[in-house]
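Report on the structure given below.
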Amino acid sequence: MSEYTNQYLATEISSAPPEQLLLMLHDGAIRFLTCGVQAIENDEIDKRALYINKASAIVAEFAATLDHSQDAQLADNLDALYAYMLRQMLQANLKNDPAPLLEVRHLLSDLRATWAQAVEINKQEMRVSAASTAHGMPEASYRPLTVAM
């Protein structure tokens, strides 16, 4: 990568809100898993380990930053899911098997989609809240319609 590209990426990351960073980290882990699968298929052992380690570091960071004081049940469930993902990535690396990486990639893709939806719902609620406050309406009288999927 060029110095300009590195500087651009550093600026983009340092100025991104936390929810955008979360999505970017999911994208990175998914990309590293895809590269890990390709490395296994091409019998590139050094690259396989590199990409699996990068994806594992991201998932380990997700687990380390869980806030159990907000919703302990959700945090415990995510912690168990992340631990499972880490075990699967370890098995893929030890056995040179792409199947566990494909499973983790699928799980992370689903999780990313869920987070993206939550971020969008939160943005909508913030806009509605700001609009109702700006128009002098009490917040409770102007609620957005949310649909569970």
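The values are calculated or read from the model by the stated rules, or taken from the named source; none is laboratory data. Since we're looking at a predicted model, the values are computed, not measured. Positions of Cβ are generated from backbone atoms using ideal geometry, with glycine treated the same way; all protein chains shown enter the neighbour counts. For the accessible areas, the whole protein counts, side chains as well, though only heavy atoms, and no ligand, DNA or RNA atoms are used. Shrake-Rupley method; radii C 1.70, N 1.55, O 1.52, S 1.80 Å.
For residues that are within 15 Å of the chain's Cα centre (by Cα) and open to solvent by less than 70 Å² (accessible area, probe 1.4 Å), tally how many sit in segment 106-128. Before you say what the answer is, go through the steps one by one.
The initial filter retains those residues of segment 106-128 that are within 15 Å of the chain's Cα centre (by Cα), namely 106-120.
Next, from what is left, pick out any that are open to solvent by less than 70 Å² (accessible area, probe 1.4 Å): 107-109, 111-113, 116, 118-119.
Residues flagged as within 15 Å of the chain's Cα centre (by Cα) and open to solvent by less than 70 Å² (accessible area, probe 1.4 Å) within segment 106-128 amount to 9.
May I ask you to list the residues in segment 30-53 that are over 13 Å from Arg105 (Cβ atoms), open to solvent by less than 80 Å² (accessible area, probe 1.4 Å) and part of a helix (DSSP H, G or I)? First the steps, then the outcome.
Residues of segment 30-53 that are over 13 Å from Arg105 (Cβ atoms), as a first pass: 39, 41-50, 53.
After this cut, where a residue has to be open to solvent by less than 80 Å² (accessible area, probe 1.4 Å) as well, the list is 39, 44-45, 48-49.
Within segment 30-53, Ala39, Ile45, Arg48, Ala49 qualify.
From the list Asp67, Asp76, which residue is outside any helix (DSSP H, G or I) and either at pLDDT below 95 or closer than 19 Å to Trp115 by Cα (or both)?
On the way: Asp76 fails: outside any helix (DSSP H, G or I).
Matching residue, one of Asp67, Asp76: Asp67.
Taking the condition of being in a helix (DSSP H, G or I) and in contact (Cβ under 8 Å) with a residue 24 or more places away in the chain, how many residues in segment 79-113 meet it? Reasoning before the result, please.
In the first step, residues of segment 79-113 are kept if they are in a helix (DSSP H, G or I); the result is 79-95, 98-113.
In the following step, the residues that additionally are in contact (Cβ under 8 Å) with a residue 24 or more places away in the chain were identified as 81, 85-86, 89-90, 92-93, 98, 101-102, 104-105, 107-109, 111-112.
So the answer is 17.
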